Amino acid sequence: MSKPRLGIAMIGYAFMGRVHSQAWRSVNRFFDLPAEVDKTVLCGRSEVALKEAAATLGWAETATDWRALLERDDIDVIDICTPGSSHAEIAVAALEAGKHVLCEKPLANTLAEAEAMTAAADAARGRGVRSMVGFNYRRVPALAFARQLIADGRLGTIRHVRAHYLQDWIVDPDFPLVWRLRKEVAGSGALGDIGAHIADLAQYLVDDHITEVTALMETFVRERPLAGESSGLSASAGGAATGEVTVDDAALFLARFGGGAIGTFEATRFATGRKNAMGLEINGARGSIAFDFESMNELWFHDHTLDPAEAGARRILVTEETHPYLAAWWPPGHVLGYEHTFTHEMRDFVEAVATGVDPRPSFADGLQVQRVLDAVETSAAEGRWQAVER
Ligand code: SOE
């Protein structure tokens, strides 16, 4: 008997659009799911670029008007892969039209937008309409396994969470003023783009909420060359074609968790030499875990209950078929990559939609992250501890 089908319309086809396309293409090839996805429509603004992208990424049709997609009966899911400035408008309209929504992180550019999106998701849930925010790193097998270890009590009471996300792609002051460096499009800089990932992951792994923060944010390079025609920015009068950077280059914050743990968080695009170094170390009374995305198939685990003569952190290669998601892939030791985390994300989303349950992270989870980001910005601006509202 043929399986139910889910028509996908994806809005945006840059980095996230490309990796989502790969995930939509592979999810039913590697996971036996209760529904099959069709890559039905790729939606964007530029007709020519769109058609090339649809051919390359394997989408059946193209569209330049996302609102028209909400009227189509052959579209079941709206996959939002656009910059944060359009997340709220698209997601709220799609949910109200009865479309399931997968929205890239961060959920929104402002707390108000995230609250509106969460309210729309709550209302839509009552009509069986599902929504999820794309914190893909939750689906790194080593991190899903770490969460299991923590949930099983193997670390005991959590004392410390130490998280960083280190990149260096804008260290060169001549790197142009792309959309990620403009507040009106991105909402914030390193904080919302990569700080959101570690704020979500830390809370997810320890199953606890950040309750207050104190923060420092910095913008090292405040003027950059305009990013060309696509920037939509006009050259400054008379001078060289430069524009103002209106977001943070780096954000650091200390945090308290509701259960008593304390945390240190660093998100920066100026960690010269570190390309996508997202890492965490979590210390508990009975043990610790440590992870670095640049070695994403490995988890370091220290069991403090062992005889000190035999204790110490050991490297677990998270590629056994008993590890999360691994049964779908290769034999032990044949490691996975960044793209697989998105296939896992689509797996969980499709299964949830097809079986009528709410996927995680929900928009409410995304709102909690947005509240942390908002508190970090307030704290950095006012130089004091800031509570994270619930
Ligand atoms: C930032 O450059 C970025 O592309 C993030 O936006 C993604 O969420 C992260 O997975 C990789 O780095």
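Some observations on this one:
- Since only GLY366, GLY312, ALA352 are under comparison, the one whose Cα sits farthest along the positive direction of the charge dipole of the chain, derived from C-beta charges on Lys, Arg, Asp and Glu, is GLY312.
- Residues considered: LEU70, LEU143, LEU373. Largest GNM mean-square fluctuation over the chain, using C-alpha springs under 10 Å, is found at LEU70.
- Applying 1/(1 + (r/R0)^6) with r as the Cβ-Cβ distance of THR246 and THR64 and R0 = 30 angstrom yields a FRET efficiency of 0.60.
- Going by neighbour counts of Cβ atoms within 10 Å, the residues SER46, SER288 line up, fewest first, as SER46, SER288.
- Note on LYS275, LYS39, LYS105, LYS51: ascending count of other Cβ atoms within 10 Å places them as LYS275, LYS51, LYS39, LYS105, the fewest first.
- FRET efficiency, 1/(1 + (r/R0)^6) with R0 30 Å, evaluated for TYR338 and GLU223 via beta carbons: 0.40
- Between SER86 and LYS3, the modelled label-to-label distance comes to 3.0 nm, taking each label 7 Å out from Cα in the direction of the beta carbon.
- Pairwise FRET efficiency - ALA35 versus ARG72, Cβ, R0 = 25 Å, nearest 0.05: 0.90
- Extension gain, ARG315 to ASP122: 0.36 nm times the residue separation minus the Cα-Cα distance gives 65.4 nm.
- A simple spin-label model places the labels of HIS160 and ALA285 1.8 nm from each other, with each point 7 Å out along Cα-to-Cβ.
- Within the chain, longest stretch free of exposed GluC sites (Glu not before Pro) [DSSP loop, at most 13 other beta carbons within 10 Å]: 72-309
- Each of HIS323, HIS87, HIS160 has some number of other Cβ atoms within 10 Å of its Cβ, and from fewest to most they run HIS160, HIS323, HIS87.
- Alpha carbon centroid spacing (whole Å) that separates region 243-309 from region 135-210: 8
Since every read-out is calculated from the coordinates, none of them should be taken as a lab result. Model, not experiment: these values are computed from the prediction. When we count neighbours, we look across all protein chains shown, and the Cβ atoms used for this are built from the backbone with ideal geometry, even at glycine.
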